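The values are calculated or read from the model by the stated rules, or taken from the named source; none is laboratory data. None of these values were measured; they are calculated from a predicted model. Virtual Cβ from ideal backbone geometry, glycine too; neighbours counted across all protein chains shown. We work out accessible area using only protein heavy atoms, side chains counted, and drop any ligands, DNA or RNA first. Shrake-Rupley method; radii C 1.70, N 1.55, O 1.52, S 1.80 Å.
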Amino acid sequence: MDSSIAIVGMSCRFAGVSSPASFWDSIISLRSHLTAPGPEAELPAGEKSVFPRPYPARIGQLGDLYSCVQAMQNFPRQINAGENQDLYFATQLAFDALADASMKPHSREAVNGSVRIGYAPPFNASTINWLQHTSFLDQTMDILRRFMPSATAANMEAVRAKLVESLPAPNAASFLLGAGYRFASWIARECNFNGPATIMDAGMLTGATALMDAKSDLDEGRVDIALAGAITPPVSRSYLEGLSGEVPFSQNNVYHPFSEDASGTLPGEGGAFFVLKRRSDALRDRDHIYALIRSIAVGHNPPDDPSSILSRATEKAGVPVNTIGLIEADGNGVKESEAREIKAIQSLWGEHHPGGPLVGVGSVKGNIGHTLRASMAAGVAKAALALSHRVLPPQISPTKPNYSISNLTSSAYLLTEARPWISGDSSSPRRAAVMGANFDAIDPVGPSSTEGRSAVVVLEEEPEDRQ
């Protein structure tokens, strides 16, 4: 029985990228969309970060792409500056994915579908607004009273009134929508999906776990359509300063995965959503199929076997590992982490010999940055587009590639230019694996960091002769 799940619709927005088409164009054109931190994220000149670690010199920023089409989402009013804009960004991506699958976002009839979303930022406009109106305002007034002990109660009340006047007006709806758990139910309601609707957070693996739950919904017959995705909204200085204590950031102006000079990661913003169906249903409905999801594996790689999760994913898919022609790697910019990733791949493919299988490796992070909780969703989008276009896509090439992947004995090679993906038919379809890993919670920077939670998604083409 064919249990493959088909990706029949897709949307994405990342730095400089407004759609899957522009995403693919940026990848093929080797364009980097990393820019200097904007006003909300930059570290003021001369100020030190909270932690004695580098602050990112570049970020993959959404800019105007963070906005949404209010009329499309049926908003009854203007969006309040104190509301959680992340909700509307996620809803826009959901609607765009459904439109790509030739589905109407606002269905009159109930849809037997589920919504699985990865999202978990520490701050948003709504939560900050409510803190400003309560705890922050109380603390500010307490400080002012200490510095101005002779001020009258009337004067202090006037100051308080002016402070309140300067803040976005609060309302109960924005408070409730500021909570992440409301996202999925909001989108499910707008789309008239009557199945499960959940929010989840698995760190950098969030995109994979959202897809895993969506795939399970379809495999187990709970729903007929699943909407899954993950987002990383615009990052603030507060968020980046906190993150710098866990994630090693680079101070370089470029991000070249698998470089000998790797010194850390550069963050990115954005998200991707997918519309999924059982393959049999997609063929019945004559849907365009970007790619098939064959398996998803999530877990810990033990220190002595960095390839454990990759092996588990191919075993679950029931495919030989050497039939995978593309690996969309994590490539997080941390030299030790990238070395372990290369070691995991090479341990399965072995040394190269004439006529032996090769696997192309690359990472989209050089184009859009490490989009954190959305990073695996970005990787799946890239790999699915590669399978759909039948092209091995390039990554932005480092000046000095990591020797362990650039030497002639390696069966894995770095994809620094686009190549036609020649092989592939009904008996031997093109396949790709998307790899992701969390930063080690114990020692994310040092060489003693040897294990951590990781995930692999195995994708397969829908060949022309099977459609």
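Determine which member of the set Gly195, Gly242 is among the small types (Gly, Ala, Ser), part of a loop (DSSP other than H, G, I, E, B) and over 21 Å from Ser295 (Cα atoms). Give the steps one after another, and end with the answer.
On the way: Gly242 fails: part of a loop (DSSP other than H, G, I, E, B).
It is Gly195.
So how many residues does region 233-249 have that are touching a Lys or Arg at 6+ places or on another chain (Cβ under 8 Å), under 25 Å from Val380 (Cα atoms) and open to solvent by less than 10 Å² (accessible area, probe 1.4 Å)?
Our first condition is that a residue be touching a Lys or Arg at 6+ places or on another chain (Cβ under 8 Å); within region 233-249, this holds for 244-245, 248-249.
Next cut, under 25 Å from Val380 (Cα atoms) only: 248-249.
Of the ones still in play, those that are also open to solvent by less than 10 Å² (accessible area, probe 1.4 Å) are 249.
Within region 233-249, residues that are touching a Lys or Arg at 6+ places or on another chain (Cβ under 8 Å), under 25 Å from Val380 (Cα atoms) and open to solvent by less than 10 Å² (accessible area, probe 1.4 Å) number 1.
Just for region 19-60: of the residues that are in a helix (DSSP H, G or I) and open to solvent by 40 Å² or more (accessible area, probe 1.4 Å), which one is farthest from Phe274 (Cα to Cα)? Give the steps one after another, and end with the answer.
Of the residues in region 19-60, the ones in a helix (DSSP H, G or I) are 20-28.
If we keep only those that are open to solvent by 40 Å² or more (accessible area, probe 1.4 Å) as well, we get 21, 25, 28.
Values: Ala21: 14, Asp25: 19, Ile28: 21 Å.
Among them, the one singled out is Ile28.
When the residues of region 193-241 are filtered to those that are out of contact with any strand residue (DSSP E or B) (no Cβ under 8 Å at 6 or more places or on another chain) and charged (D, E, K, R), which remaining residue is nearest to Leu459 (Cα to Cα)?
Filtering first and then ranking leaves Glu220.
Of the conditions (1) in a helix (DSSP H, G or I); (2) touching a Ser or Thr at 6+ places or on another chain (Cβ under 9 Å); (3) more than 27 Å from Leu385 (Cβ to Cβ), Ser263 clears all except one; give me its number.
For Ser263, the exception is condition (1).
From the residues in region 367-401 that are open to solvent by less than 10 Å² (accessible area, probe 1.4 Å) and part of a loop (DSSP other than H, G, I, E, B), which one is farthest from Ala21 (Cα to Cα)?
Pro398
State yes or no: is Ala297 among the aliphatic types (A, V, I, L, M) and more than 21 Å from Gly207 (Cβ to Cβ)?
Numbers: among the aliphatic types (A, V, I, L, M): yes; more than 21 Å from Gly207 (Cβ to Cβ): no.
So Ala297 fails the test.
Would you be able to tell me the number of residues in region 312-329 that are touching a residue at least 60 places away in the same chain (Cβ under 8 Å) and farther than 18 Å from Gly436 by Cα?
To start, the set of residues in region 312-329 that are touching a residue at least 60 places away in the same chain (Cβ under 8 Å) comprises 312-314, 316-317, 319, 323-329.
So of that shortlist, the ones also farther than 18 Å from Gly436 by Cα come out as 319, 323.
Of the residues in that region, 2 qualify.
Which ones in region 109-130 are modelled with pLDDT of 75 or more, of a type in the set (A, V, I, L, M, F, W, C) and part of a loop (DSSP other than H, G, I, E, B)?
Ala110, Ala120 - these are the residues of region 109-130 that are modelled with pLDDT of 75 or more, of a type in the set (A, V, I, L, M, F, W, C) and part of a loop (DSSP other than H, G, I, E, B).
How about region 318-335: which of its residues are over 22 Å from the mean Cα position of the chain (by Cα) and either polar (S, T, N, Q) or not in a loop (DSSP other than H, G, I, E, B) (or both)? Give the derivation first.
Here is the first cut: in region 318-335, the ones over 22 Å from the mean Cα position of the chain (by Cα) are 318-325.
Val321, Asn322, Thr323 - these are the residues of region 318-335 that are over 22 Å from the mean Cα position of the chain (by Cα) and either polar (S, T, N, Q) or not in a loop (DSSP other than H, G, I, E, B) (or both).
With in contact with a Lys or Arg (Cβ under 8 Å, 6 or more places away or on another chain), part of a strand (DSSP E or B) and surrounded by 24 or more Cβ atoms within 10 Å (Cβ to Cβ) as the only criterion, which of Ala210, Ala214, Ala230 stands out? Show your work before the answer.
Details: Ala210 fails: part of a strand (DSSP E or B); Ala214 fails: part of a strand (DSSP E or B).
The conditions single out Ala230.
Looking at (1) open to solvent by less than 30 Å² (accessible area, probe 1.4 Å); (2) without any contact (Cβ under 8 Å) to a residue 60 or more places away in the chain, find the lone condition where Asp305 falls short.
Here Asp305 clears every test but (1).
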